[in-house]
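Undergrad: I have a structure here, written as structure tokens, and I will follow up with some questions on it.
The values are calculated or read from the model by the stated rules, or taken from the named source; none is laboratory data. What you see is a predicted model, and the numbers here were worked out from it, not measured in a lab. Here the Cβ positions follow ideal geometry from the backbone for every residue, glycine too, while neighbour counts run over all protein chains shown. Just so you know, the surface numbers come from the protein's heavy atoms only, side chains and all, with ligands and any DNA or RNA stripped out. Shrake-Rupley method; radii C 1.70, N 1.55, O 1.52, S 1.80 Å.
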Amino acid sequence: MHTPIASSSSSPFKNVIFDLGDVLFSWKPSPRGMRIPPLTFKHILRSVIWFDHEKGLISQEEAYNLISREYDISIDDVISSFDAARETLQPNEQVFELIREIKDAGFRIFAMSNISSFDCAFTESKADPAHWALFERVFTSAAAHERKPHLGFYSHVISEAGLDPARTIFVDDKSENVLTARSFGMHGIRFEGFESLSRQLRNLCGDPVERGNAFLSENKGKLFSTTSRGFVLDENYSQLLIWEATGDRDDLDCTAIGLTVYTHLNLETKNSVMDEIISLRTADGLVPVYFTKTRPRIDLAVCINVLTLFYRHNRGHELDAVLDWVYNCVLHGAYLDGTLYYTTPEVVLWFLYRLLQSSPRVRQRFEPLFKRRITERLNMDGNSLALAMRIIAAASVGIESPLDVKKLLALQQQDGSWTDGWFYKFPRTSLCVKNDGFATALAMQAIQVAEKLKNDNSHWGATYSSPSFSASSIQLPML
């Protein structure tokens, strides 16, 4: 399943160039009737003789005769082998349908191929005319008298089509051809199969936030969490939903998150819960994970979420010992391997960002250290949820992270979702939990806040300090 490409207006790209052989068309190098050994045939196709033929410098008859003499193969075997290979040529219908969708969205579509005039005409006969009508122009090495990856062929195409390389996507199955395209400033994609190509083109040509919204809308009510062993969990926590009105509390983390985001509970009820949390403090003044003294677990992220709850209700001063411990954990990087219940350091930084939004006093104390810790994490590897959390936390203190945004955009799936957002874990079983709805919603928010920060910085210019803001100003979709 995939989300449609709505319009080219939201994409920085306007043009897409496709290779023909092994991208739009597939063929078999060793079909029935082939009288030349496969390795020899492959060598022929990489020879100067065949390159000159593809560039239109020698005719097909001349090429066949030269091949016959160079490789000591009868002319009949040469002719029959090439004819047999051509007959296996088949259009890749999935790719053509994808091209049709991209063209309908307003993109200019071109083909660029190392191919002789004879083989180009033969290839045209193997596909429906409607397929060829998708292309504004088909550029061939025979007509340009140049081949990929030579620079001249690319310069010819750019000039003839009036292309801005920075707004052009180039698709080819050969890495050397993609490399040259990138040297001109094009966005190169090496073709390794339809699924990968479709995902990459949808991510580049479509609006990631629109596609994410479409995924959330289509899957509303079905966005369950799953474990690393494939079990489905029907739970609210990953979606940051409300604490249920039944009062069936289990742990402080779910309760703190629920009471923080749920605005319909009266203050008396919230205070009664906070009073109970206060009563559960350890001898060190810290708060445990569970609403019972028989399970004395301590988790840094849980402490941060409880602090957020208290500070948002003007009771943060009651947990000074917790705040001091959190500060020391951040100061010394105690969270870099995650926590007892959370999988990545970015989860801690994201929860900490939420805390800083809750109290000017806490922000003043933590912000210099928070900036250093965020900066240390920029451009590091991470799953989609970690990247989104990092981008949001960085933007909240005016730090741009363009490479992380680029990584995050590349992880969007064909259906518009982000799917690898492992979030929390069960320590005893080592099970990790993710929720694609939560990962998608946070990824969308990250893209929006990053774009807002980029625009703000561009507006104010380098002589002004970078603006910072709360991601809460960006509407997070309900999961």
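Undergrad: On the given criteria, is LEU355 within 19 Å of ASP299 (Cβ to Cβ), open to solvent by 30 Å² or more (accessible area, probe 1.4 Å) and not charged (D, E, K, R)?
TA: No: the conditions fail for LEU355.
Undergrad: Could I ask something else about it? If you check SER9 against the conditions, is it of a type in the set (Ser, Thr, Tyr) and either open to solvent by less than 60 Å² (accessible area, probe 1.4 Å) or without any contact (Cβ under 8 Å) to a residue 60 or more places away in the chain (or both)?
TA: Against the criterion (of a type in the set (Ser, Thr, Tyr) and either open to solvent by less than 60 Å² (accessible area, probe 1.4 Å) or without any contact (Cβ under 8 Å) to a residue 60 or more places away in the chain (or both)), SER9 does not qualify.
Undergrad: Looking at (1) over 24 Å from VAL209 (Cβ atoms); (2) open to solvent by 10 Å² or more (accessible area, probe 1.4 Å); (3) not hydroxyl-bearing (Ser, Thr, Tyr), can you tell me which one VAL348 breaks?
TA: VAL348 satisfies every listed condition except (2).
Undergrad: Based on what the data block shows, is TYR342 open to solvent by less than 10 Å² (accessible area, probe 1.4 Å) and touching a strand residue (DSSP E or B) at 6+ places or on another chain (Cβ under 7 Å)?
TA: yes
Undergrad: Here's another thing I want to ask about it. Restrict the check to region 439-450 and report whether at least one residue is in contact (Cβ under 8 Å) with a residue 12 or more places away in the chain and open to solvent by 40 Å² or more (accessible area, probe 1.4 Å).
TA: Taking region 439-450 as the starting set, the residues that turn out to be in contact (Cβ under 8 Å) with a residue 12 or more places away in the chain are 439-450.
The next check asks that each one be open to solvent by 40 Å² or more (accessible area, probe 1.4 Å); those that pass are 448.
For region 439-450, residues in contact (Cβ under 8 Å) with a residue 12 or more places away in the chain and open to solvent by 40 Å² or more (accessible area, probe 1.4 Å): present.
Undergrad: Determine which single condition LYS42 fails, assuming it passes every other condition in (1) farther than 30 Å from LEU409 by Cβ; (2) in contact with a strand residue (DSSP E or B) (Cβ under 9 Å, 6 or more places away or on another chain); (3) loosely packed, with under 14 Cβ neighbours inside 10 Å; (4) not β-branched (Val, Ile, Thr).
TA: (2)
Undergrad: Are there any helices (runs of 4 or more DSSP H) wholly within region 1-87 with 2 or more residues that are in contact with a Leu (Cβ under 9 Å, 6 or more places away or on another chain), over 22 Å from ARG137 (Cα atoms) and among the hydroxyl-bearing types (Ser, Thr, Tyr), and if so which?
TA: On the way: elements: 38-45, 48-54, 60-71, 75-87.
It comes to none.
Undergrad: Then there's this: Output the residue which, of all residues in region 45-89 that are of a type in the set (Phe, Trp, Tyr) and open to solvent by 40 Å² or more (accessible area, probe 1.4 Å), is farthest from the chain's Cα centre (by Cα).
TA: Restricting attention to region 45-89, the residues satisfying the condition of being of a type in the set (Phe, Trp, Tyr) are 50-51, 64, 71, 82.
Narrowing further to those that are open to solvent by 40 Å² or more (accessible area, probe 1.4 Å): 51, 71.
On the way: PHE51: 38, TYR71: 48 Å.
Here the answer is TYR71.
Undergrad: Return only the number of the condition from (1) in a helix (DSSP H, G or I); (2) within 26 Å of ASN213 (Cβ to Cβ) that CYS329 does not satisfy.
TA: Only one criterion in (1) in a helix (DSSP H, G or I); (2) within 26 Å of ASN213 (Cβ to Cβ) is unmet by CYS329, namely (2).
Undergrad: May I ask you to verify whether ILE391 is of a type in the set (Val, Ile, Thr) and in contact with a Ser or Thr (Cβ under 6 Å, 6 or more places away or on another chain)?
TA: Yes, satisfied.
Undergrad: Out of the residues in region 185-215 that are polar (S, T, N, Q) and closer than 29 Å to LYS452 by Cβ, which is farthest from the chain's Cα centre (by Cα)?
TA: Among residues in region 185-215 that are polar (S, T, N, Q) and closer than 29 Å to LYS452 by Cβ, the one farthest from the chain's Cα centre (by Cα) is ASN213.
Residues are listed down the side, and each one gets a yes or a no for (1) modelled with pLDDT under 95; (2) over 19 Å from ALA121 (Cβ atoms):
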residue: SER7; (1), (2): yes, yes
residue: PRO12; (1), (2): yes, yes
residue: VAL16; (1), (2): no, yes
residue: ASP19; (1), (2): no, no
residue: LEU24; (1), (2): no, no
residue: TRP27; (1), (2): yes, no
residue: PRO37; (1), (2): yes, yes
residue: HIS53; (1), (2): no, no
residue: ILE67; (1), (2): no, yes
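Undergrad: List the residue pairs whose Cβ atoms are under 9 Å apart, where the first residue sits in region 149-160 and is on the phi > 0 side of the Ramachandran plot, the second is crowded, with 18+ Cβ neighbours inside 10 Å and at pLDDT 95 or above, and the two are 6 or more positions apart or on different chains.
TA: none
Undergrad: Let me ask something additional. Would you check which residues across region 366-397 are small (Gly, Ala, Ser) and open to solvent by less than 10 Å² (accessible area, probe 1.4 Å) and list them?
TA: SER384, ALA386, ALA388, ALA393, ALA394, ALA395, SER396
Undergrad: Could you tell me which numbered condition ILE99 fails, if it satisfies all but one of (1) under 41 Å from the mean Cα position of the chain (by Cα); (2) part of a helix (DSSP H, G or I); (3) surrounded by fewer than 16 Cβ atoms within 10 Å (Cβ to Cβ); (4) not small (Gly, Ala, Ser)?
TA: (3)
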